[in-house]
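Inspection log for the structure reproduced underneath, given as structure tokens.
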Amino acid sequence: MARVTKWFIREEIMNKIVKRTLMASTCVFIAGSAVAESEVEVLHWWTSGGEAAALNVLKEDLSGQGVGWTDMPVAGGGGSDAMTVLRARVTAGDPPTAVQMLGFAIQDWAGEGALADLNKLAEDQNWDEVVPAALQGFSKHDGNWVAAPVNVHSTNWVWANTAIMAELGLEQPADWDGFVAAMQTAQDAGYVGLAHGGQAWQDATIFDSIAMGVGGPKFYQAAFIDLDPDALGGDQMIEAFKRMETLRGFVDDNFSGRDWNLASAMVANEEALFQIMGDWAKGEFINAGQTAGEEFQCFRVPGSEGTVTFNSDQFAMFSVTDTTAQDAQMTMASSVMSPEFQVAFNTVKGSVPARTDISDAEFDACGQLGMAQLAEAAANGGLFGSMAHGHANNPSVQNAMYDVITAHFNGEYDAETAASEMVTAVELAQ
Amino acid sequence: MAVDTSVDLRTRLQNWLPKIVLAPSFALVLIFVYGFILFTVYLSFTDSRMLPSYGLVGWENYSKLFRIREWDVAIKNLAIFASLYIVICTLIGLFLAIFLDQKIRGEGVLRPIFLYPMALSFIVTGTAWKWFLDPGIGIENTMHLWGWESFEFGWIKDRNMAIYTIVIAAVWQTSGFVMAMFLAGLRGIDTEILKAAQMDGASNWQMYRRIIIPQLRPAFLSAFVILCHLAIKSYDLVIALTGGGPGNATAVPATFMYSYTFTRNQMGIGASSAVIMLMTIAAIMVPYLYAELREKKG
Amino acid sequence: MSVASQDNAMKTGRAARVFIYVFLLVFALFYLLPFFIMLVNSVKPLSEITGGNMIALPQVWTLEPWLGAWSTAQIGVEPTGLRPYFWNSIKMVVPAVVICTAIGALNGYILTKWRFRGDTLIFGLMLFSCFIPFQIVLIPMARILGILEISGTTTGLVLVHVVYGIGFSTLYFRNYYAAFPTELVRAAQIDGAGFFQIFYRILMPSSGPITVVCVIWLFTNIWNDFLFGASFASGGAAPMTVALNNLVNSSTGVREYNVHFAGAIMAALPTLLVYIVAGRYFVRGLMAGSVKG
């Protein structure tokens, strides 16, 4: 039996006692709980203008099909605050019907037996064929579909300022040495080589791509997914940390604590040459009135070409007993997977669709490149869940790695110590 | 006879009424505070990860906790933060109160200015503080623009100094409140004693050192309790200013606990850190409460 | 008990007075600076913020950010602004403060005027409850609210705030009433006044100052709470702080700092107002009780 259910039953007796005591000692008026009509209650953290507008596409679509939308936005911490709220709601026995989730959270909740089964819908609409296998690894639990993927963000992008590159006669670098040389040239010319914000997740985002560049898919799999101590503490890991030290030499003095979007603005404003960041950064450039391939360009982090590290926002449905609510959930899952929504949402969000059978006509240069590379990586086994974004391992391991990466980037460890700390930290987190 | 019984009943009711009225609050506190504390203690001995679970693991969470480097950092940070915060707040509060008590023109304007930060949460002021402390856009940049080129204030970016910026913001928030407590204490002092002392030719310094400040003992104690409580619970502040960074340099036990319980799905370790925090609070508060409350009785 | 009636003023020279004024003014500036930054940047267009000096006055003044934050900013999927959440907060904070103050006053009255064996222990236990870190109560509290079927409602949130406010409100009133002459209570008792009569007729009329302190304290704490609001009342019943957080902390979108600042000031206005309006009674209230310990 699922753990949630077990917990609820075990507590039944205690609950009764508590309930009686509370009823007796407080005069709290009990509000009637909401009547289940055909509606979905959606917990998400997409509250910025563009994101919310993108989500509104879905809401409108659902209301056209007679399904209401109760909005429950909780921003902050890249979704971690929303996950805290989710736990409170589930513990209260009142989960929202649909929840935006990332990577391992889906697997964890599915493991608790809390998620609804989407198999029938998936079968009808042939999700198995159109969603890349690496993505299915997160959307399915024990072979059952439990979540509908909205998008694929790939995280190993470099964003570059075209004007600076032209001024300094730089080409898109072909390898790591070229990348370093380009940043050196920019720095010598008075620009910031690498725009970066010193927050743990941003440090890890860079490290993610660098490690992939150093060791390739095999190493990435061994270190970040299988958590093999030899890989975690090995030479390639040390080399990855050494490259981080190199990068540290190209960020400005004021990087610590900076939000990622301000780092993007540095590239957009011709202050910095490169930024390594996921494809959501594109929105900042577009917002500054720039066009992909013209004022700014995008290319994969040198060394990681051919591979795509990704994270994917998905909607998971919590299992409910009410059949009207179940129908509403299915309608929503179906809308999420519809090509129209996938295009409408992802062109706004900067990501690429979660299904590979969609035309790229509506997307800009970086979007089209991203879609092509995603399909290619998926076909060649180069598509990996991003460690930095919780798609390689569970949150405790992920954050343990954050601790080491960010401590090293801020100068607390040298590369060798960092690699051995990585082994210890991961061991403690398991 | 009948009258007697009714009087008797009424008196008895009167005797019981206070306890009946007090009972609900006491019950609420027992359940929602002490019940939850017991629950947390219990969780700290279990293998709970994402949700509470009841597999007992003995002291494993505690032994893990003390092997985690960030926990050491968090404890050290709390020690630095709490001691500096309490001392500086008390000093600033005391001096502001004493100076404001010198028949200052515009006291009515100054007092709310000193007090208002207490009214704002760090969700409200966090961004402004982050900007202010950021060398690129904040006070350092402004000083440079005004021509003071050599001015440097980059503490928030420096892992050895960042915790002190947390102290600055925390002092900003509460020192005015402490000022109000001291001001209330000062205004409650019997002026006759002061006049007598003045007659005896005591200097200002002597008056404050010998007579006024000792009389402020209750205000000092109240300030200490409130500051202690705020220091240990400091969470919003750290999240808003540094998010625990640079690196993990400004993690404190409250952020550690939240992170392990809710972000990292290691609820068992989170609970054990909460228990350690509670024990620390108890170690400070119980002797204080004991002394204070006993004194009252005697 | 008037604030200005006391005279501890030193006899001071001119230099010392100048020093005192400078000292006070410097601190006033320090206290005002963050608020000034918020205010000045809330009336600038975004382009001026990203390129310019943090404390410079706007070249172009605009009220757009304020209007945006109040009624059109994206809090969730709908561009509702902060307006609906403002009322949620009011609906939460008013009952919570009233109930909590009333309970605190009664408790303080009982613990000082109707003492019984073990009352000090009970008070000690209540007082210690002020120190519980709120993070540990989330999960069990969610469970209990679920059992009571008030999870996700303002009622539930009021209950939570009352529970964790009782410690402080009891502390304030107990310390205040401790200084209240017990003989008056005894005399009234002999005259046949009952438990509640004594409270209404004798203690309540003189409880003004401490009520102000208690209300200010509870109002600010409850209004500013984020953790409970987010965990127990997200969505339609979410209080202002949760909405503000949604506005300010969006993860992967464009940040409109001027709107953020305008929203932040709005969220802070009620508490600011309470401090400024009731502030003059605040010191008086503290004087009258709580700091005497």
Within region A:94-119, tally of residues that are away from every other protein chain (no Cβ under 11 Å), within 17 Å of residue A:72 (Cβ to Cβ) and of a type in the set (Gly, Ala, Ser): 1
Condition check for residue C:232: at pLDDT 85 or above, touching a Gly at 6+ places or on another chain (Cβ under 9 Å) and not acidic (Asp, Glu): yes
Matching entry among B:75, B:98, B:92 (being within 18 Å of residue B:237 (Cα to Cα) and not in a loop (DSSP other than H, G, I, E, B)): B:75
All positions within region A:48-93 that are facing another protein chain (nearest Cβ under 9 Å), assigned to a loop (DSSP other than H, G, I, E, B) and buried (at least 20 other Cβ atoms within 10 Å of the Cβ): A:48, A:74, A:75, A:76, A:92
Flag if residue B:114 is touching a Gly at 6+ places or on another chain (Cβ under 8 Å), farther than 16 Å from residue B:241 by Cα and crowded, with 23+ Cβ neighbours inside 10 Å: yes
Residue list for region C:38-67, restricted to those being in contact (Cβ under 8 Å) with a residue 40 or more places away in the chain, at the interface with chain B (Cβ under 10 Å from one of its Cβ atoms) and aliphatic (A, V, I, L, M): C:38, C:39, C:49
Single residue of B:34, B:54 found to be more than 8 Å from chain C (Cβ to nearest Cβ) and among the hydroxyl-bearing types (Ser, Thr, Tyr): B:54
Residue satisfying all of: in region B:87-116; among the small types (Gly, Ala, Ser) and over 18 Å from the mean Cα position of the chain (by Cα); modelled with the highest pLDDT among these: B:97
Flag for residue C:218 being in contact (Cβ under 8 Å) with a residue 12 or more places away in the chain and touching a Cys at 6+ places or on another chain (Cβ under 6 Å): yes
Any chance residue C:150 is among the β-branched types (Val, Ile, Thr), more than 17 Å from residue B:233 (Cβ to Cβ) and outside any helix (DSSP H, G or I): yes
Residue ID - farthest from residue C:217 (Cα to Cα), chosen from residues in region B:169-196 that are without any contact (Cβ under 8 Å) to a residue 12 or more places away in the chain and more than 9 Å from chain C (Cβ to nearest Cβ): B:196
Helices (runs of 4 or more DSSP H) completely within region C:183-247 that count 3 or more residues being aliphatic (A, V, I, L, M) and within 12 Å of another protein chain (Cβ to nearest Cβ): C:208-224
Criterion: part of a loop (DSSP other than H, G, I, E, B) and modelled with pLDDT of 85 or more - qualifying residue of C:61, C:87: C:61
Wholly enclosed helices (runs of 4 or more DSSP H) of region A:316-418 bearing at least 3 residues outside the structural domain of residue A:233 (by TED's automatic domain parsing): A:323-337, A:339-349, A:365-380
Region B:50-79 - residue that is surrounded by fewer than 20 Cβ atoms within 10 Å (Cβ to Cβ) and within 21 Å of residue A:84 (Cβ to Cβ) and, of those, nearest to the chain's Cα centre (by Cα): B:51
Conditions (1) of a type outside the set (A, V, I, L, M, F, W, C); (2) modelled with pLDDT of 80 or more; (3) buried (at least 16 other Cβ atoms within 10 Å of the Cβ): number failed by residue B:149: (3)
Number of positions in region B:262-288 that are buried (at least 19 other Cβ atoms within 10 Å of the Cβ) and without any contact (Cβ under 8 Å) to a residue 12 or more places away in the chain: 3
Matching residues, region C:183-203, being exposed (fewer than 13 other Cβ atoms within 10 Å of the Cβ) and more than 21 Å from residue B:13 (Cβ to Cβ): C:183
Residues of region B:12-23 satisfying the condition of being surrounded by fewer than 16 Cβ atoms within 10 Å (Cβ to Cβ) and at the interface with chain C (Cβ under 8 Å from one of its Cβ atoms): B:14, B:17, B:19
Residue tally, condition within 14 Å of chain B (Cβ to nearest Cβ), more than 17 Å from the chain's Cα centre (by Cα) and without any contact (Cβ under 8 Å) to a residue 60 or more places away in the chain, over region A:362-410: 3
Helices (runs of 4 or more DSSP H) wholly inside region A:220-303 containing at least 1 residues that are within 13 Å of chain C (Cβ to nearest Cβ): A:260-268, A:282-287
Filter pass, residue B:258 being farther than 30 Å from residue C:176 by Cα, free of Cβ contacts under 8 Å to residues at least 60 places away in the same chain and in a helix (DSSP H, G or I): yes
Subset of region A:270-297 that is closer than 18 Å to residue A:181 by Cα and of a type in the set (A, V, I, L, M, F, W, C) - its residue that is surrounded by the fewest Cβ atoms within 10 Å (Cβ to Cβ): A:276
Set A:102, A:86, A:62: member being among the aliphatic types (A, V, I, L, M), touching a strand residue (DSSP E or B) at 6+ places or on another chain (Cβ under 7 Å) and under 17 Å from residue C:227 (Cβ atoms): A:86
From the options C:136, C:110, residue that is within 14 Å of chain A (Cβ to nearest Cβ) and free of Cβ contacts under 8 Å to residues at least 60 places away in the same chain: C:136
Matching residues in region B:117-144 - criterion: being more than 8 Å from chain C (Cβ to nearest Cβ), more than 23 Å from the chain's Cα centre (by Cα) and either in contact (Cβ under 8 Å) with a residue 40 or more places away in the chain or part of a loop (DSSP other than H, G, I, E, B) (or both): B:134, B:135, B:136
Selected residue (criterion: farthest from residue A:247 (Cα to Cα)) from residues of region A:142-164 that are touching a residue at least 24 places away in the same chain (Cβ under 8 Å) and surrounded by fewer than 19 Cβ atoms within 10 Å (Cβ to Cβ): A:144
Qualifying residue in region B:81-92 (condition: within 13 Å of another protein chain (Cβ to nearest Cβ) and without any contact (Cβ under 8 Å) to a residue 60 or more places away in the chain): yes
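A quick yes/no check of all residues on (1) over 21 Å from residue A:64 (Cβ atoms); (2) of a type outside the set (Ser, Thr, Tyr):
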site: A:324; (1), (2): no, no
site: A:332; (1), (2): no, yes
site: A:336; (1), (2): no, yes
site: A:359; (1), (2): yes, no
site: A:383; (1), (2): yes, yes
site: A:387; (1), (2): yes, yes
site: A:399; (1), (2): yes, yes
site: A:415; (1), (2): yes, yes
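The values are calculated or read from the model by the stated rules, or taken from the named source; none is laboratory data. These numbers come from a predicted model, not from an experiment. Glycine also receives a Cβ, built like all others from the backbone with ideal geometry; neighbour counts cover every protein chain displayed.
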